[in-house]
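Chemist: Take this structure, written in structure tokens, and hold onto it; I'll ask about it next.
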2 protein chains.
Amino acid sequence: MTRTIRRPDVARAYGAGEIVLFPGKADHLYRVRTGLVRLHTVDDDGAGVTLRYVKPGGYFGEERLIDRPRRYFAEAVTNSDIEELDADDLDGEQQRDLTRRLAAAIDGMNRAMHRLAGKPLRARIAAELLELSDSELALRSHDGTPVVRVTHDDLAAAVGSVRETVTKVVGELARAGAIRAGYGKITIQDAAKLRAEAGEERV
Amino acid sequence: MTRTIRRPDVARAYGAGEIVLFPGKADHLYRVRTGLVRLHTVDDDGAGVTLRYVKPGGYFGEERLIDRPRRYFAEAVTNSDIEELDADDLDGEQQRDLTRRLAAAIDGMNRAMHRLAGKPLRARIAAELLELSDSELALRSHDGTPVVRVTHDDLAAAVGSVRETVTKVVGELARAGAIRAGYGKITIQDAAKLRAEAGEERV
């Protein structure tokens, strides 16, 4: 069995909204210890495009493994502790964990691409809210229903639309009784109804 | 160093157009030895949505690593030899190779999501043609220019549109002098012009 001397992990704390990484040369591999990180690019019109969310235990910066430049921003959505890892110094179990996490990231991106390309906007927004209700962005209200802290701008970036259109669709989903909309947050009032709007089984 | 007895690799040959895998339970991890494989889902209207292309040396079926169901079809685009691997029986070097290949798949999907969400259709089609001109689908014509064997239906699936619209845009790109369109194939007449249409540096 190969044994390597590992450096103590370097972990840094980031506040909600703080940019962790900018596009550019990839130096490290990163692992989210606590919190939630959003990876996004910015299109030619300056609108954000969410590539994926990274939850605790998940990695980003994997382009370091293939010596390609990083094409995205990484942003701490909530307060987050993030480890910097030396990609050349992973032991066997870390390597397997990384592989599984990357496979899970691909699975999530497959679903996002399917939504992005194949479904009407209303279904994409419903699916995105379901996805977020199972993340660090979700709280519970006093009556136990999930509350997602997300702005219409964030939702627009996630589903490839603009804020004005998202606001209109959020209103429709609220009138349909699936959600309740508040300032910077959306309450999942009827998850079954929201799943029907998303046109998908919960995954 | 851990040594494992490896089974002889099981490789199977598939003809162009043959379905390698249907959605369902994931049994194996797959590696493309030669050829080109397209992973795609089908949306509610029956239209295909391309998730990614897998080139020689690349893997698919990675959902096997996380015991999730496979949500996509895998189709041999050209004649392809494909290995079935036992995901629990990879040695260290194979594991690292798999990790790098998954990281490269994510990098490619990041670019595809950026195109899908953030760019006009004409730029998405130009970018897709550039991507394909660097794959097994590309031939060289007698004067050395790359020729991509792709139908308008395939292009529509890749960029999240329909055939009729793709046909119109292909005509525009041809009139602009970037490509020449033929039956089931598109010639990259002026790669620099096509890159400008795609609004991106070649990656």
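Chemist: Set the bar at 32 Å for Cα to Cα. Now go through A:Lys55/A:Lys193; A:Lys168/B:Lys185; A:Lys25/A:Lys185 and name every pair that lies beyond it.
Modeler: From A:Lys55/A:Lys193; A:Lys168/B:Lys185; A:Lys25/A:Lys185, over 32 Å: A:Lys168/B:Lys185; A:Lys25/A:Lys185.
Chemist: Here is a further query. Just to confirm the numbers: A:Ala11, label point 7 angstrom along the Cα-Cβ line, distances to the other copies in nm, shortest first?
Modeler: 4.6
Chemist: What's the FRET efficiency of A:Asp190 with B:Asp153 using the Cβ-Cβ distance as r and R₀ = 30 Å, to the nearest 0.05?
Modeler: Efficiency at R0 = 30 Å is approximately 0.20.
Chemist: Now for a separate question. Quick one: with label points 7 Å out along Cα→Cβ, list the inter-copy distances for B:Glu84 in nm, shortest first?
Modeler: Output for B:Glu84: 4.6 nm, nearest copy listed first.
Chemist: List the relative contact order of chain A as a percent without decimals, with contacts defined as Cα pairs under 8 Å and 6+ residues apart.
Modeler: Taking the mean separation of contacting Cα pairs over the length of chain A, I get 20 percent.
Chemist: Could you please rank B:Thr99, A:Thr167, placing first whichever residue has the fewest other Cβ atoms within 10 Å of its Cβ?
Modeler: Fewest to most other Cβ atoms nearby, the residues stand as A:Thr167, B:Thr99.
Chemist: Taking a label point 7 Å from Cα toward Cβ, how far is A:Lys193 from its twins in the other copies, in nm, shortest first?
Modeler: Computed spacing set for this position: 5.5 nm.
Chemist: Now a separate question. What is the distance in Å between the Cα centres of region B:100-132 and region B:59-95?
Modeler: Distance between centres, Cα-based: 22 Å.
Chemist: Check which residues have an amide H placed less than 5 Å from B:Arg70's amide H, if you skip close sequence neighbours.
Modeler: Result for B:Arg70 returns B:Gly24, B:Lys25, B:Ala26.
Chemist: Follow-up question, since we're still on this one. Which log10 I(q)/I(0) values does the protein assembly as shown give at q = 0.06, 0.07 Å⁻¹ under the Debye formula, counting every alpha carbon as one identical point scatterer?
Modeler: -0.25, -0.34
Chemist: Compute, for region B:111-203, the length of the dipole vector about the Cα centre, with Cβ point charges of +1 (Lys, Arg) and -1 (Asp, Glu) only. Units Debye, rounded to 20.
Modeler: My answer is approximately 180 debye.
Chemist: Now, a different point. Picking from B:Val147, A:Gln94, B:Ala76, whose Cα lies most toward the positive end of the charge dipole for the protein assembly as shown (charges on Cβ: Lys, Arg +1; Asp, Glu -1)?
Modeler: B:Val147
Chemist: Please give, to one decimal in nm, the separation of the simple spin-label points placed at B:Arg68 and B:Glu164, each 7 Å out from Cα toward the Cβ.
Modeler: 3.5 nm
Chemist: Here is a follow-up. Once both labels are modelled 7 Å past Cα along the beta-carbon direction, what's the A:Arg140-B:Asp86 spacing in nm?
Modeler: 4.4 nm
Chemist: Taking 1 over the mean of 1/r across every pair of different Cα atoms in chain A, what Kirkwood radius in Å do you get?
Modeler: The Cα-based Kirkwood calculation yields 18.0 Å.
Values quoted throughout were computed directly from the atomic coordinates according to the rules given, and no laboratory measurement underlies them. What you are looking at is a predicted structure, and each value in this text was computed from that prediction instead of being measured. Don't worry about glycine lacking a Cβ; one is built from the backbone with ideal geometry, like all the others, and counts go over all protein chains shown.
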